[in-house]
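A.B. asks: The structure's right below; bear with me while I get my questions together.
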Ligand code: C2E
Ligand code: MG
Ligand code: MG
Ligand code: MG
């Protein structure tokens, strides 16, 4: 109804927009203090081999517990932090904390850390990674950095240069949320990623949608021809996992295998065994 009457629309929406803008400004100010006030923490989500159930590593996911609002999703506050540059100190804190916490893990699983485009453009990322590895004693091949197609596209030339420096340290690079952006196949080749993560939107839709299944097959074929393992994100059901297994997908991550959880609650054993009968969607963490 508001659409039919442009004037009404303006009158009706403007206060809401002010409200939204004010809320964002307050949130940005609070985020500035969040680091200092110890409101940020990391959760870890397991990544496993599909064929064997063997744990290969954990992805660090940032969490913000706001004293008044409660927990705020990174999908909401990361873009805010990118706008005002706070992503630089926050990203550094994430990298340092994840490496420090992972350094003591036994067995020595891999730790995957998400990177923002801003960290590529405005920071000497290779130097930071080198420093953090030295400080925490984490061996470089245990660290994987996850970046999205958007990250590369912000400044492709620079991204390529920085990634080469980082890979020279022995750190591996995963292409996150693959299929949602605009990378050409040639970009994939040029960046020589160590792993492709298929976006979760494809994995959950595949069972119901033959075109989505075709996309998954294409990505798996791409991984095979480039010799890159493919990880499927957002696996919530046993049927999804078993479909990916028969399609030849290498690795999986998702609520079925384990929800993101604080350090003290993640699985210690080397393997997660699932059967159709034993569970559909896991509500806790760790093999029971
Ligand atoms: P991402 O890197 O693709 O991380 C995967 C997201 O999917 C996480 O959301 C995770 O909780 C969620 N997820 C995992 N399994 C399932 C599932 O089975 N079903 C569903 N529905 N969701 C699942 P989260 O933690 O809210 O993070 C959202 C995004 O925020 C991340 O997407 C990443 O892009 C960004 N992010 C998180 N932590 C950081 C960080 O430390 N630095 C940067 N730059 N970005 C981060
Ligand atoms: Mg990720
Ligand atoms: Mg992802
Ligand atoms: Mg994402």
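What follows is calculated from the coordinates using simple rules that are stated; it is not laboratory data. Bear in mind the structure is a predicted one, so any value in this text is a computation, not a measurement. Cβ placement follows ideal geometry from the backbone for every residue including glycine, while neighbour counts extend to all protein chains displayed.
A.B. asks: GNM, the chain, Cα, under 10 Å: largest mean-square fluctuation among 30, 239, 186?
C.D. replies: In this elastic network of the chain, the residue with the biggest mean-square fluctuation among 30, 239, 186 is 186.
A.B. asks: Once label points are set 7 Å from the Cα along Cα→Cβ at both residue 184 and residue 103, what is their separation, rounded to one decimal in nm?
C.D. replies: 4.3 nm
A.B. asks: Something else now. Looking only at the chain, where both bridge partners belong to it, what percent of the DSSP beta bridges are antiparallel (to the nearest 5)? Before the final figure, lay out the partial values.
C.D. replies: On the way: 17 of 38 bridges.
Of those bridges, close to 45 percent are antiparallel.
A.B. asks: Quick one: Debye curve from the alpha-carbon atoms of region 162-238 only, equal weights, vacuum; give me log10 I(q)/I(0) at q = 0.17, 0.23, 0.25 Å⁻¹ to two decimals.
C.D. replies: -0.67, -1.09, -1.22
A.B. asks: So, one more: Whole number please: convex hull volume per residue of the Cα set in region 117-224, in Å³?
C.D. replies: With only Cα atoms used, region 117-224 gives 106 Å³ per residue.
A.B. asks: While we're looking at this one, here's another question. As an exercise, find the ratio Rg/Rh for region 46-181 from alpha-carbon atoms, using the Kirkwood inverse-distance average for Rh. Walk me through the numbers before you get to the answer.
C.D. replies: Working: Rg = 15.1 Å, Rh = 15.7 Å.
Expressed as Rg/Rh, it is 0.96.
A.B. asks: Given a cut-off of under 8 Å on Cα pairs at least six residues apart, what relative contact order in percent is computed for the chain?
C.D. replies: Values: 461 pairs, mean separation 51.9, N = 288.
Rounded, it is 18 percent for the chain.
A.B. asks: Quick one: among 127, 197, 110, which has the greatest mean-square fluctuation in a GNM of the chain with alpha-carbon springs under 10 angstrom?
C.D. replies: 127
A.B. asks: Calculate for the chain the 222 nm mean residue ellipticity that helices alone would give, adding -39,500 (n - 2.57) per DSSP H run of length 4 or more and normalising by residue count, nearest 500 deg cm²/dmol.
C.D. replies: Numbers: 11 runs with 133 residues, N = 288.
For the chain, the value works out to -14500 deg cm²/dmol.
A.B. asks: Under the definition of Cα pairs under 8 Å and six or more residues apart, what whole-number percent is the relative contact order of region 8-135? Don't skip to the answer; put the middle values down first.
C.D. replies: Details: 120 pairs, mean separation 27.0, N = 128.
Rounded, it is 21 percent for region 8-135.
A.B. asks: Report, in whole Å, the centroid distance computed from the Cα atoms of region 217-273 and region 143-194.
C.D. replies: Between the Cα centres of region 217-273 and region 143-194 lies a distance of 20 Å.
A.B. asks: Most exposed first by the Cβ proxy, i.e. fewest other Cβ within 10 Å, how do 105, 64 rank?
C.D. replies: Details: 105 18, 64 23.
Least crowded to most crowded, the residues run 105, 64.
A.B. asks: Now for a separate question. Given Cα pairs under 8 Å that are at least 6 residues apart, what percent is the relative contact order of region 227-276?
C.D. replies: Numbers: 41 pairs, mean separation 20.6, N = 50.
41 percent.
A.B. asks: Provide the descending list of Cα extents for the chain along its principal axes, expressed in whole angstroms.
C.D. replies: Projected onto its principal axes, the Cα set of the chain covers 59, 49, 43 Å.
A.B. asks: Rank 201, 71, 116 by mean-square fluctuation in a GNM of the chain with C-alpha springs under 10 angstrom and give only the top-ranked residue.
C.D. replies: Maximum among the listed residues: 71.
A.B. asks: At each listed q (0.14, 0.17, 0.26, 0.30 Å⁻¹), what is the log10 of I(q)/I(0) that the Debye formula gives for region 55-108 modelled as equal alpha-carbon point scatterers?
C.D. replies: Values, matching the q order: -0.48, -0.66, -1.07, -1.19.
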